[in-house]
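Taking it in order: structure first as structure tokens, then the write-up.
The values are calculated or read from the model by the stated rules, or taken from the named source; none is laboratory data. This structure is a prediction, so every number in the text was calculated from the model and none was measured. All Cβ positions, even for glycine, are placed from backbone atoms using ideal geometry, and neighbour counts span all protein chains on display. The protein model used for the area step is the full one, side chains on, heavy atoms only, and it has no ligands, DNA or RNA in it. Shrake-Rupley method; radii C 1.70, N 1.55, O 1.52, S 1.80 Å.
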Amino acid sequence: MSKEVKTLYVAEGEDGVRVDRFFKRRWPHINHVQLNKLLRSGQVRVDGSRAKADTRLVAGQTVRVPPLPDAPTEDQQKRERAELSPQEIRYAKSLVLYEDEDVIAINKPSGLAVQGGTKTKNHIDRLLSAWGEGLERPRLVHRLDRDTSGVLLLGKSPSAAARLAGAFAKRKAYKTYWALVAGTPDPKEGVIDVPLIKKGFNDREIVMPADPKEPGAEAAETEYVTISRAAHRLAWMALRPHTGRTHQLRAHMQAIGHCILGDPKYSDDLSRPLSEGLGLQLHHRRIELPHPSHGTLIVEAPLDPVIAAGFERYGFDEHEASPEPFRKVQKSSKRY
């Protein structure tokens, strides 16, 4: 590990870049968990002040960079590559929904983490070695919760990854999640505009509604549409996050009294009996965003077995849904 503390200046071309992207571009071997530890402990500072992962930088600002773990050597990378068995390589390739010269889209299964941590040894980031190391290794450009299934995009080159990440940062990536929730929201469509704040740490961390003026509170907005209902017991929803907060969809649906089924962390007395025997009923169904090289990229993910079990139990047919349910939402829809 380098013991040197560095002070770097934000270049003009980095104006508006998030702190986590700033680090990922320079030190791609530093994972999400490692960076978050440095941020929480105040070791990363912008113009002398504590920073968060989503803090946006301004050209000319200074960034304090604490001592960081060394990047793995070529021999270490080869050893890590060799750790993937032929079965694991086949499994990683079997997840691919779409691939071209710039992009790989995979259908992340429920229960598989995107990145590793102290207690997480098997994760998507490790499986990316199936495509090679160095410049051949795909790069993550966004994340999904461990138990959320669905579309996950990877950039096949640094430039493609940067363009994809830029689309997310500029809110040009239109994501559609499917969820089964307790009860039936009234009205059927609307916008949840509820600031959120993190409480606790690590496995005990939870996201809660907050007063906008509360220190640490972050603006969060989710659009929703009801696709179908099972009487008045539960609903099949399409959810579109306009912001990218931790556990945003799960916390927002709990905040309006319609918890996502199968969620052990964000549940209530209404959702628990309906969730019996089910995993998290949240699936990233579709994404639409500018392709890194040309035109528009649209990818859809078929249902994961975990959410398919919920659809089967409550009699929903995935073919009933419009590919783009939000185009019919009126701007006058209710805002929470």
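Compared with the dominant Cα axis of the chain, that is its longest principal axis, helix 74-83 is turned about 30°. Heavy-atom accessible surface of the chain, averaged per residue, reaches 50 Å², computed with a 1.4 Å probe. Counting only GluC sites (Glu not before Pro) that sit in a DSSP loop (anything but H, G, I, E, B) with at most 13 other Cβ atoms within 10 Å, what is the longest stretch of the chain containing none of them? Of all site-free stretches, the longest is 102-204.
Relative to the Cα centre, the charge distribution of the chain, modelled as +1 at Lys and Arg Cβ and -1 at Asp and Glu Cβ, gives a dipole magnitude of about 780 debye.
Tell me, what is the FRET efficiency for LYS121 and ASP186 to the nearest 0.05, using R0 = 51 angstrom and their Cβ-Cβ distance as r? Step by step, r from the Cβ atoms, then E = 0.70.
Angle of helix 158-169 to the longest C-alpha principal axis of the chain, folded into 0 to 90 degrees and rounded to 10: 40°. The charge dipole of the stretch 84-157, taken about the Cα centre with unit charges on the Cβ atoms of Lys, Arg (+1) and Asp, Glu (-1), comes to about 340 debye, rounded to the nearest 20. Largest accessible area first, the residues HIS258, HIS319 order themselves as HIS319, HIS258 under a 1.4 Å probe with ligands, DNA and RNA left out.
Shape verdict for the stretch 100-193, please, from the Cα gyration tensor: rounded (a/c under 1.5), prolate (a/b greater than b/c) or oblate. Oblate, since a/c reaches 1.5 and b/c is not below a/b. Relative contact order for the chain using alpha-carbon pairs under 8 Å, separation at least 6, rounded to a whole percent? The normalised contact order for the chain reaches 15 percent.
Judged by the ratio a/c of the largest to the smallest principal axis of the C-alpha gyration tensor, the stretch 177-336 counts as rounded, that ratio being less than 1.5. Amide H to amide H, with H built 1.01 Å from N, LEU234 comes under 5 Å of GLY183, counting only residues 5 or more places away or on other chains.
Placing unit charges on the Cβ atoms only, positive for Lys and Arg and negative for Asp and Glu, gives the stretch 135-290 a dipole magnitude near 700 debye about its Cα centre.
Here the accessible area of the chain is 49 percent carbon and sulfur, with a 1.4 angstrom probe and all protein chains present. Annotation: amide H-H contacts under 5 Å for GLU223 (H modelled 1.01 Å from N, sequence separation of 5 or more, or interchain): ILE192, ARG240, HIS242.
The HN-Hα couplings worked out from phi for the stretch 18-35 by the Karplus form 6.51 cos²θ - 1.76 cosθ + 1.60 (θ = phi - 60°) are 5, 4, 5, 5, 4, 6, 5, 5, 8, 10, x, 7, 7, 8, 4, 5, 4, 5 Hz, whole numbers, x standing for Gly and Pro. Ordering TRP131, VAL194, VAL96 by the projection of their Cα atoms onto the charge dipole of the chain, which places +1 on the Cβ of Lys and Arg and -1 on the Cβ of Asp and Glu, puts VAL194 at the extreme positive end.
Structure note, pairs LYS52/LYS121; LYS6/LYS172; LYS52/LYS108: Cα-Cα distances above 29 angstrom occur for LYS6/LYS172. Across the stretch 177-187, computed HN-Hα scalar couplings (Karplus, 6.51 cos²θ - 1.76 cosθ + 1.60, θ = phi - 60°) run 9, 9, 8, 9, 10, 6, x, 10, x, 10, x Hz from first to last residue, x flagging Gly and Pro. Computed from backbone phi with θ = phi - 60° and the Karplus coefficients 6.51, -1.76 and 1.60, the 3J(HN,Hα) list for the stretch 229-238 is 10, 10, 6, 10, 7, 7, 9, 9, 10, 9 Hz; x is used for glycine and proline.
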